[in-house]
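Only one structure is covered here, and it is reproduced in the block below.
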C-alpha cells in the first residue's frame, strides 16, 4: 500500500500534503456512507455494523464494510474471514467478499497474526484510513458501512475529513446512564463534524428469561429512546439481549442470517428499514 502526496509551499518552507483525489474518485461511486459510532466500548457497535451490512446486502443492495478500528479489528472474526489475505490488482486492493456479497476491508488482513498489536500514533492511522478509502477497489456501491472504534479520536476525525459530505452516523448505545452519557457526546461530535445523524440504536435492551418468559432489564430499558427524543434525533429501534448473538459472532456468522425469525433479528430488520427510509429520503432531497 502506498500513499500519494503532493508538495505545497508555505511561509515556513515546503512540506508534503496528502493528495485525496484517489479517495474522492472512489467515494463518488458510493451512494451512501454510514459510520457506526459509539461513545464507549462494549455496546455491540461492531455487531450492529456487521449485521447492518449483511442485512442491506440481503435486501439487494451493493454493500461494502470498512473496519476502521485499527487497534482492535473485530469484523473479520465476526464474519468468519479472519485468516484471509489481500490481493492487489491494477485497479487497487481487492476487498474480501462474504455472502451474500459484502465487500470487507480491515486492518486484521494486514497483520501477521491475531496477536500482533498495532502501535501507531495518529498520522500513521490517518494514512492507512486514507488508503482504505482511496486504494481499495470498492467499485460502485449503494452503501459503505464504516465501523469506527469507540470515542471521538483520530479515526472518526480522519473519516470525517475524507467523507463527511453526505455521510451519516448511526449511534449505538446500551440503556444504562454511563453509556447514554457517552452516546450523547457522539451525537454532538457527529453534528460538529457535519455528519448527518441518522439515529440511535439501543442495544442489549432487555433479556427474555428462557425459563419463565419474563423480560429482565439487565441494563435498564428505554434510555436510548429517551436520549433520542431529548436530542431531537430519530430513534431507530432496540435490540434485545440474546446469547445466540454472541455465539454466532464468535463462530463467524451474522445472526440475522443464521436465525432470521428470532426476536433480535426481527428487531434488527425494523432498524434496517428505518435506516433505508432515512437514506432514501436523503437521496430524494439531494436530487431536488
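This structure gives volume of the Cα convex hull per residue in Å³, computed directly, and of (i) 149; (ii) 123; (iii) 139 that value is listed as (i). Against the main long axis of the alpha-carbon atoms of the chain, helix 263-287 sits at an angle near 40°. Residues within the reach of a label modelled at residue 86 (point 7 angstrom out along Cα to beta-carbon, backbone nitrogen below 14 Å), restricted to the range 16-59, are 23.
In a fully extended conformation the segment linking residue 29 and residue 71 would gain 12.3 nm over its present Cα-Cα distance, using 0.36 nm per residue.
Axis angle, to the nearest 10 degrees, between helix 177-192 and the longest C-alpha principal axis of the chain: 40 degrees. Annotation: extensible slack from residue 226 through residue 124 equals 32.9 nm (criterion: 0.36 nm per residue apart, minus Cα-Cα distance).
Please compute the volume of the convex hull spanned by the alpha-carbon atoms of the range 42-100 and report it per residue in Å³. Walk me through the numbers before you get to the answer.
Numbers: hull volume 5.6 nm³, N = 59.
About 95 Å³ per residue, rounded to a whole number.
Evaluate the distance, in nm, between pseudo-label points positioned 7 Å from the Cα of residue 250 and of residue 192 along their respective Cα→Cβ axes. Label at residue 250, label at residue 192, 3.8 nm between them. Between residue 270 and residue 21, the modelled label-to-label distance comes to 4.9 nm, taking each label 7 Å out from Cα in the direction of the beta carbon.
Mean residue ellipticity, 222 nm, helices only, the chain: the sum of -39500 (n - 2.57) across DSSP H runs of n ≥ 4, divided by residue count and rounded to 500, is -11500 deg cm²/dmol. The Cα atoms of the range 62-181 give a gyration tensor whose axes a ≥ b ≥ c have a/c under 1.5, which makes the shape rounded.
Going highest first, how would you order 107-115, 166-174, 33-41 by mean Cβ packing within 10 Å? Walk me through the numbers before you get to the answer.
Values: 107-115: 14.0, 166-174: 25.9, 33-41: 23.6.
Listed from highest to lowest mean packing, they are 166-174, 33-41, 107-115.
Pairs of alpha-carbon atoms within less than 8 angstrom and 6+ residues apart define the contacts here; what relative contact order does the chain have, in percent?
Working: 551 pairs, mean separation 63.4, N = 288.
Worked out over the chain, it gives 22 percent.
Computed from Cα positions, the angle between helix 45-58 and the longest principal axis of the chain comes to roughly 90 degrees. Model label sites at residue 111 and residue 261, defined 7 Å from Cα along the beta-carbon direction, differ in position by 3.8 nm.
Values quoted throughout were computed directly from the atomic coordinates according to the rules given, and no laboratory measurement underlies them. Treat the numbers as computed from the prediction; the structure is a model and nothing was measured. Every residue, glycine as well, gets a Cβ built from its backbone with ideal geometry; the counts of neighbours run over all protein chains shown.
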